[in-house]
Every structure is written in structure tokens, then in C-alpha cells.
Amino acid sequence: MSLFGSTSGLSTKPATAPLAERMRPRTLDEYAGQEHLLGPGKPLRVQIERDDAASMIFWGPPGVGKTTLAKIIAETTRASFIEYSAVLSGIKEIKQVMADAEKAATYGSRTILFVDEIHRFNKAQQDAFLPYVERGAIRLIGATTENPSFEIISALLSRCRVYTLRALTEQQVLALLERALHDPERGLGLLNLKTQPEALELIASYANGDARRALNGLEVAAGLAQANGNHLTVDVAKEAVQQRVLLYDKQGEEHYNLISALHKSVRNSDADAALYWLGRMLASGEDPMYVARRVVRMAVEDIGLAAPEALNLCLSARDAMDFLGSPEGELALAQAVVYLALAPKSNAVYTAYGQVLDDIERTRTEPVPLHLRNAPTGLMKALGYGKGYRYAHDEEGRVADMECLPESLRGRTYYHPTHEGREKILAQRMEEIQKIKKSKSAES
């Protein structure tokens, strides 16, 4: 792989390549969606047009064009493009590429390193990018379907611009299908298919904002239509969509519709439906450990402190799945899913933490109150560090009437416990704490 020439991969694809690959946009004008980033004067458009070499993270659902956009940037800025997947590649080989790119930079070559699913690298592995990004030896473009705030280390995140890509609208997907259907060079134009508009609408609806899924569905439909007198009807489209779903399952790709159905069934306390969707996912060839991770997430997002033991049960189910494998370990996942569905529900902590993150955006530079600061030196004590701190264990009721938030957030409350399950006890304890504080405040 050369570091000295453009390797964006946007050149003409062979006719044997999948339709989605052949129809990959080559310029910003061909690119569909993301007007909030790529419209005239919008931030990413300006960065590209100015040839701003800052690294970036693309966050968005599958099939919205994260890889394509990275390739277009490489083509537009005349940079070498090297693509890796964090699922298939190790950090060792990527570090070698970064070292080679740094050497190439001394000869005036520029390299864009695109890492798909960058969130799959752990924190230590992500650290490896830092020196190269900081020195400008590479321009890193990471793609992720997960929230970068939680999955990308803060040191790397602070050196990158994060752009949120949105799922395509049904109309945008429909326009892509129309283009592919009539494009004689890269698309299906030479087939001269007689297409019902409703057939394309059905495929666009099925795609759920995923351009790749839509084009794959159209390609299957075109093959079926050729055996149907070149008529791409609604019935042909329905058959194509169904065939595509089965193929999708066998490949073990992430099934967002199925995991959504499982999660929402658990949230709605429907154990039977939850078991059904779990079985559907596993029968489709889904990675059981992916399901296990999502089940753990349900425990913390939807059950929370109403039944804190749910998290341990789900972690145990994950370990059992890892230890036993399929099909025996699947019973442990089934057990966890039923428990989650029947457990009392609370998203109070989930909601509270979301509000905390919102407040952090505007108060992240606010200093820690002096009375909460550590004062290991005489100078710090002289500056007031620790002054006014009250040791809770020495206070009546083990609670001091002392503000622990920054001044601008004084009195702010985030956590509002429900009266479900164990959380009812926590709500009572919070009421007791407030009564103690009020009585001490009245005395002072």
C-alpha cells in the first residue's frame, strides 16, 4: 500500500462489485444527506474547503456514508487514504502505518488514516494514536456507531472534531435508489427495468435510513425482476427485502431492528415478547456476546437501582455464555432477559447522568469549591483549600449541611428516584437526608 499516492478507492469499480460499492459517491455533490454538516457554510464543508488538517470522529448509524465521506475528503485534499477496521485489524499494524506516514510526511506526503469502528479499540490502544495525531503526522478519521463521549478516550477526543451524522430520510434514500436504477455506467440503467414507484418506496422504507441496505435490497430486487419479465413490482420488492433480511442474518451483522424490539419488550415488561426477540436474534446467527453486552446495558439503563441485582445477573449470564458457548449458554441469556422484563423499572440514574453531561458542557471549567479541595501543603491551606469542609462522620446523622456542587449549580438535583422496587428505599433515604440538612440549616 503506497503512502505517496491517492488511495481513496473512489475510482471506477468493476461491474462485479456490489451495487452499493459501485454507487459510492465520488464527490460532495453526489453525497446524499448530512446537510447540517455539508451545506454551504456548514462546519464540515468549511473544514474540507479550507483543507483544514484537523483529525475528526464521525458518529452515526450504519449506512449513512461515514467511510464514503472520509474517502471524499482524501480525494478532495489529495491525501493518501489508508483504511482499517478496528474489528479486523490490530493496533500493532496500524502503529507501523502511522510510523511510515510520519516518514512520508517529511517528503510532503499527507496521509488520512481511516479507522472504522474505532470504539472497538480499548483505551490503551487508542492512546497509540495520540502522538501521531498531535504531531500532525497523520490525519485520523475515526468512525463509530457508539457515543464518542463514552467510547473514545478524552485525550484523543480533545484532539479531534466530532461530527454527528444522521440517518438518511426516506426521500433521500429514494433519490439514491432512483439514481442507481437509471445510472447506465455504475448502476442498473442498462437493465431497462420497468419499475413501479411503490416498489422503490417499499425498499426505501425497509432500509430505515441505511443507504447500503437500500442499495443491497435494490440489487436483489433487480435480479428477481429479470426473471419476471424485467418488471420490478411491489411483490418482487417484498420478496427481495425478505431474501435480503435472511442473507443479512446469516452474515451476522448487527440487527438494529431486532435488538430494538428486544430492548423495548424488556422495557415494557413483556417477558414473552423479549424471549421471542432474543430467540430471533440468536437463530439468525447474531453473535451471542453482542446480545449479552446489550442485555447488560438494559440492566443499567432501564432497571437501574430499582433492582440493582439485575446487573450482576446479566454479567453472570454474559460469563456463562462465554464459558459454555452456544447453544447451552443461550439459556443463561434467556434467564437474564426474562428477569429484566419482570424486574421493577427505573431510568432515574440514566436520566440523571444525561442531565449531568448537559450541565458539564457549560460548567466544565468551573473551579472545585475551596472547601472540597485537598490541602496537603501549607500554601494550599493558606489559600483557603479545605477551609469550611465538614467531615460527615463527625456530624449528627452522618450528614453535613454543606454544598458539594459548583456555585453555579448550587441546589441542583439530578437523581429523582422512582418508587419502584429497591429504589423506593433510596427515595426514602434521600428524604431523610434532606430533612437532616434542613434542620441543621435552620439551627445555623
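The values are calculated or read from the model by the stated rules, or taken from the named source; none is laboratory data. Source: prediction; values computed, not measured. For neighbour counting, all protein chains shown are included, and Cβ atoms are generated from backbone atoms with ideal geometry for every residue, glycine included.
Out of the residues in region 118-131 that are in contact with a Leu (Cβ under 8 Å, 6 or more places away or on another chain) and crowded, with 20+ Cβ neighbours inside 10 Å, which is modelled with the lowest pLDDT?
Looking at the filtered set, the residue picked out is Phe129.
With the requirement that a residue be out of contact with any Ser or Thr (no Cβ under 9 Å at 6 or more places or on another chain) and of a type in the set (A, V, I, L, M, F, W, C), what does region 87-112 give you?
Val87, Leu88, Ile91, Ile94, Ala99
So which residues in region 406-417 are touching a Pro at 6+ places or on another chain (Cβ under 8 Å) and either surrounded by 11 or more Cβ atoms within 10 Å (Cβ to Cβ) or basic (Lys, Arg) (or both)?
Of everything in region 406-417, just one residue is touching a Pro at 6+ places or on another chain (Cβ under 8 Å) and either surrounded by 11 or more Cβ atoms within 10 Å (Cβ to Cβ) or basic (Lys, Arg) (or both), namely Pro406.
Would you check if Ala375 is among the aliphatic types (A, V, I, L, M) and in contact (Cβ under 8 Å) with a residue 40 or more places away in the chain?
Considered against the rule, which asks whether it is among the aliphatic types (A, V, I, L, M) and in contact (Cβ under 8 Å) with a residue 40 or more places away in the chain, Ala375 comes out as no.
Give the residues of region 310-328 that are closer than 16 Å to Gly279 by Cα and surrounded by fewer than 20 Cβ atoms within 10 Å (Cβ to Cβ), sorted by residue number.
Gly325, Ser326, Pro327, Glu328
Which of the numbered conditions does Thr365 fail, given that it passes all the others? Conditions: (1) among the β-branched types (Val, Ile, Thr); (2) part of a helix (DSSP H, G or I); (3) within 28 Å of Ser149 (Cβ to Cβ).
Of everything listed in (1) among the β-branched types (Val, Ile, Thr); (2) part of a helix (DSSP H, G or I); (3) within 28 Å of Ser149 (Cβ to Cβ), Thr365 misses just condition (2).
Buried (at least 20 other Cβ atoms within 10 Å of the Cβ) and not assigned by TED's automatic domain parsing to the domain that holds Tyr31: does that describe Ala204?
yes
With Ala237, Ala221 as the choices, which residue is farther than 21 Å from Ala167 by Cβ, over 24 Å from the mean Cα position of the chain (by Cα) and modelled with pLDDT of 80 or more?
Just a single option satisfies the conditions, and that option is Ala221.
Any residue at all in region 80-87 that's at pLDDT below 85 and in contact with a His (Cβ under 8 Å, 6 or more places away or on another chain)?
Looking through region 80-87, at least one residue is at pLDDT below 85 and in contact with a His (Cβ under 8 Å, 6 or more places away or on another chain).
In region 350-372, is there at least one residue being farther than 30 Å from Ala273 by Cα, touching a His at 6+ places or on another chain (Cβ under 8 Å) and either surrounded by 14 or more Cβ atoms within 10 Å (Cβ to Cβ) or not aromatic (Phe, Trp, Tyr) (or both)?
no
So, restricting to helices (runs of 4 or more DSSP H) that lie completely within region 120-220, which ones have at least 3 residues that are without any contact (Cβ under 8 Å) to a residue 40 or more places away in the chain?
123-127, 130-135, 154-157, 170-182, 197-207
Going through Ala307, Ala271, Ala261 one at a time, which residue ends up being under 30 Å from Ala207 (Cβ atoms), at pLDDT 85 or above, surrounded by 15 or more Cβ atoms within 10 Å (Cβ to Cβ) and among the hydrophobic types (A, V, I, L, M, F, W, C)?
Going through Ala307, Ala271, Ala261 in turn, just one is under 30 Å from Ala207 (Cβ atoms), at pLDDT 85 or above, surrounded by 15 or more Cβ atoms within 10 Å (Cβ to Cβ) and among the hydrophobic types (A, V, I, L, M, F, W, C): Ala261.
Go through the residues of region 391-402 one by one and say whether even a single one is surrounded by 13 or more Cβ atoms within 10 Å (Cβ to Cβ), within 40 Å of the chain's Cα centre (by Cα) and more than 25 Å from Ala306 (Cβ to Cβ).
Yes, region 391-402 contains at least one residue that is surrounded by 13 or more Cβ atoms within 10 Å (Cβ to Cβ), within 40 Å of the chain's Cα centre (by Cα) and more than 25 Å from Ala306 (Cβ to Cβ).
Here is a check on your reading of the model: is Val115 over 30 Å from Leu188 (Cβ atoms), at pLDDT 85 or above and not in a loop (DSSP other than H, G, I, E, B)?
Criteria met by Val115.
Take Leu383 and decide whether it is without any contact (Cβ under 8 Å) to a residue 24 or more places away in the chain and assigned by TED's automatic domain parsing to the domain that holds Lys264.
Criteria not met by Leu383.
Among Ile91, Ile57, which is within 22 Å of Leu156 (Cβ to Cβ), surrounded by 13 or more Cβ atoms within 10 Å (Cβ to Cβ) and in contact with a strand residue (DSSP E or B) (Cβ under 9 Å, 6 or more places away or on another chain)?
So the residue among Ile91, Ile57 that is within 22 Å of Leu156 (Cβ to Cβ), surrounded by 13 or more Cβ atoms within 10 Å (Cβ to Cβ) and in contact with a strand residue (DSSP E or B) (Cβ under 9 Å, 6 or more places away or on another chain) is Ile57.
Checking Tyr350 against (1) more than 19 Å from Pro308 (Cβ to Cβ); (2) of a type in the set (Phe, Trp, Tyr); (3) touching a Gly at 6+ places or on another chain (Cβ under 9 Å): exactly one of these is not met. Which one?
Looking at each condition in turn, Tyr350 falls short on (1).
Only one of Lys345, Lys440, Lys381 is among the basic types (Lys, Arg), buried (at least 16 other Cβ atoms within 10 Å of the Cβ) and part of a helix (DSSP H, G or I). Can you tell me which?
Lys440
Applying the selection to region 23-47, what residues are in contact with a helix residue (DSSP H, G or I) (Cβ under 8 Å, 6 or more places away or on another chain) and of a type outside the set (A, V, I, L, M)?
Scanning region 23-47 gives Arg24, Pro25, Arg26, Thr27, Tyr31, Gly33, Gln34, Gly39, Lys42, Pro43, Arg45.
So which residues in region 134-146 are touching a strand residue (DSSP E or B) at 6+ places or on another chain (Cβ under 7 Å) and either more than 17 Å from Asp51 (Cβ to Cβ) or at pLDDT below 80 (or both), if there are any at all?
Listed by number, the residues that qualify are Gly142, Ala143, Thr144.
Which one is nearest to Ser269 (Cα to Cα) among residues in region 402-426 that are among the hydroxyl-bearing types (Ser, Thr, Tyr) and in contact (Cβ under 8 Å) with a residue 40 or more places away in the chain?
It comes out as Thr418.
May I ask you to say which residue of Leu370, Leu278, Leu311 is hydrophobic (A, V, I, L, M, F, W, C) and more than 22 Å from the chain's Cα centre (by Cα)?
On inspection, the qualifying residue turns out to be Leu370.
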